[in-house]
Structure formats: structure tokens, C-alpha cells
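See structure below.
The values are calculated or read from the model by the stated rules, or taken from the named source; none is laboratory data. All values reported here derive from a predicted model rather than from experimental measurement. When we count neighbours, we look across all protein chains shown, and the Cβ atoms used for this are built from the backbone with ideal geometry, even at glycine. When the accessible area is computed, the model is the full protein with side chains, heavy atoms only, and any ligands, DNA or RNA have been set aside. Shrake-Rupley method; radii C 1.70, N 1.55, O 1.52, S 1.80 Å.
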Amino acid sequence: MLEKINKYIDLLPLDVEPKGLYEPIRYVLSLGGKRIRPALMMMAYEMWQENGEDILPQAVALETYHNFTLLHDDVMDNADVRRGKPTVHKKWNENTAILSGDNMLVLAFKWMQELTPALKARHGVKSKVLATFTQTAIEINEGQQYDVDFETRNDVTEAEYIEMIRLKTSVLLACAVKIGALLAGAPEEDVENLYKFGEAMGLAFQLQDDYLDVYGDPKVFGKEIGGDIASNKKTYMLINALQKAEGEDKAELQGWIDKADCNRADKVAAVTALYNKLGIDKMAKVKMESYYQQALQALAKVNVPEEKKAPLLAYAAKMMKREK
């Protein structure tokens, strides 16, 4: 499936003028990635229909949208590297990144509605797909704003954080499986249960990112661990550490947060030691597993033969065992 997705991306009509607009888009999409969202959409579709290739335009539309959000995130974060390569605003410039990103958003909506005749024949499917995609895009912007707001707050609660990652990350995975089911003509109840599956998997996936940023193997993770600690990013780990720490532990943790100039390695090691002492690593694993089980329960309610669920189940299990 990954090979089919990448081949379709390689053949996208992006070798057109003006090159200054389209070359960065080709560049971003060529950087690869796990292609989780298009894969999930196609697997959901194949629970009711035979050939996931029928919806490659929609699957790649979602992947294009996802990469658009990353491109603009990189501008907002002034990030230098994405997937081991220079970010667009570093390779070109900020104006190019903004404009090419804007065009990726428009192309995503264009490709999302390019349905085959067989798909068009499913009454009302186009409007349902576009309504789902549009609502998801709005929610992701809301999640991004919450993430920005949290940077200047020291009182972020776990509930607020979970809602932020639900909006910023989780709803796009949920959107992928929902659109796949909608395009396949699935019953409404099954569509909604698949959405709940994707939503819970998205929460588990993002919490796993938080965990791996602290406890991942740098050689496997693909980047230096401890980036969230170094930047005082409000993650599940830090939020719960701030709530649980008392006395000297709380003072030490706050001290590292307040230090404007300190040795990165020392800070990461010290804060990680505090996480271990407070049991934050175990808390994160329990929370991840809780959302994973919620996802499995939602998928179990989808009314198709078990063998039709097997690819999604296997993919979800693989996601939970990833190390990067």
C-alpha cells in the first residue's frame, strides 16, 4: 500500500509553472514519511470495497493537507529540518513556504472532490466527505492555536492538553478512516465507530510521541531525544510532572524550566530523572494503553467480518509498537 501511495504522489501534476510555487510542494511531498493517514483511509475503504486504489486521489489529498500543516508549523516554529532535510522556508524563504503551503491546502480540497464515476454514484457521498474534511481542517487550526496559547501558560491541565492533541493530531486520523468508510458507502453507525477508532488511536499515537521524545532510542528515533524537555514544551509528561512534584522535586523541576541558559544535556538528564522518580513514564504508558483499548473497542463494534478488520488491527498494533 505504501508503494502505491508513493507512486501516485510521484505522478502528481506538479511539474508545472510557476516553478517557484510548485517545486516546494513536490519537495515536501517527496520527503516521505509514514503515510499513516492515506494508508488508514484506504484500509477503511477496503472493509467494504475491494480496491483501495479507487480512492488514491482522496488519500493523497489528505496526505497533502497533512504536509501543508507541517510546512506552516515549520514556519511558525522556525524549524530548520524536517525528516532530515532543510525545511521549505530554509531551502527557499518564508514567503515561498507560506504561498506554497496555501496552494497545498487548495490542492488538497481539489483532489478530495475528484471522485470516480462509481464513487459519485453513491448518493450524497461528495458532500459528506467535504463536510468531514472541512470540519477537520477547522478543528486542526483550533488545536494549533491552543498549542500556541499553551506556550505562555504554566497552568495547563491534563484535560486541556488531551483536548489540544485531539484537535491538532487525533481528528486527522479519525477523518482518514471516516472518509474511507464514507467513500465505501458504509452504514452511518459503522462510519461513526470508525471515527471513534481513529480518534482514540490518534490520542495514543501523540502520547507515544511525547514518550519517545524522552525515552526513545536516538539511533532509532531519528533525532536527538529530549527536544520537548529542552524547549519546556507542555506535554503530557511535563504537565503531570508539574502536578505531581512536591517540595524539592517541584523546586528543581521549576528551576530547570525557568533557566534561560543551561546545558541541554544536563537539563534533559535531570528532568528525565525527575520523571522517573515521579512515575511519569509509567503514567504515560497506562494512558497510551487506555486509548489503544478504546480504539479496539470502537473497531470491534464495526459490523463487518473479522477478516475485514484484520489489516486495521494489525496496523494499529504496529503503530503502538513503533520506536520512531
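Checking Ala300 against (1) farther than 27 Å from Ala186 by Cβ; (2) open to solvent by 30 Å² or more (accessible area, probe 1.4 Å): exactly one of these is not met. Which one?
That leaves (1) as the condition not met.
Take the residues in the stretch 133-165 that are touching a residue at least 40 places away in the same chain (Cβ under 8 Å), assigned to a loop (DSSP other than H, G, I, E, B) and of a type outside the set (S, T, N, Q); name whichever of them is farthest from Ala181 (Cα to Cα).
Looking at the filtered set, the residue picked out is Arg153.
Mind checking which residues of the stretch 84-100 are over 19 Å from Ser231 (Cβ atoms) and of a type in the set (D, E, K, R)?
Scanning the stretch 84-100 gives Lys85, Lys91, Glu94.
Is there a residue being open to solvent by 50 Å² or more (accessible area, probe 1.4 Å), within 30 Å of Leu296 (Cα to Cα) and in a helix (DSSP H, G or I) anywhere in the stretch 193-203?
Looking through the stretch 193-203, at least one residue is open to solvent by 50 Å² or more (accessible area, probe 1.4 Å), within 30 Å of Leu296 (Cα to Cα) and in a helix (DSSP H, G or I).
Let's see how each residue does on (1) over 30 Å from Ala181 (Cβ atoms); (2) outside any helix (DSSP H, G or I):
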{"site": "Ile257", "(1), (2)": "yes, no"}
{"site": "Cys262", "(1), (2)": "yes, yes"}
{"site": "Tyr275", "(1), (2)": "yes, no"}
{"site": "Ala284", "(1), (2)": "yes, no"}
{"site": "Met288", "(1), (2)": "no, no"}
{"site": "Gln294", "(1), (2)": "no, no"}
{"site": "Val302", "(1), (2)": "no, yes"}
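Here's the yes/no breakdown for (1) in a helix (DSSP H, G or I); (2) free of Cβ contacts under 8 Å to residues at least 12 places away in the same chain; (3) open to solvent by less than 80 Å² (accessible area, probe 1.4 Å):
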| position | (1), (2), (3) |
| --- | --- |
| Lys34 | no, yes, no |
| Met41 | yes, no, yes |
| Trp48 | no, no, yes |
| Ala61 | yes, no, yes |
| His66 | yes, no, yes |
| Thr69 | yes, no, yes |
| Met76 | yes, no, no |
| Lys90 | yes, yes, no |
| Asn103 | yes, no, yes |
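Considering only residues of the stretch 311-324 that are under 17 Å from Gly198 (Cβ atoms) and without any contact (Cβ under 8 Å) to a residue 40 or more places away in the chain, which is surrounded by the fewest Cβ atoms within 10 Å (Cβ to Cβ)?
Per the stated criteria, the residue is Lys318.
Taking the stretch 238-266, which residues are at pLDDT 95 or above and either of a type in the set (Val, Ile, Thr) or closer than 18 Å to Leu212 by Cβ (or both)?
Leu238, Ile239, Asn240, Ala241
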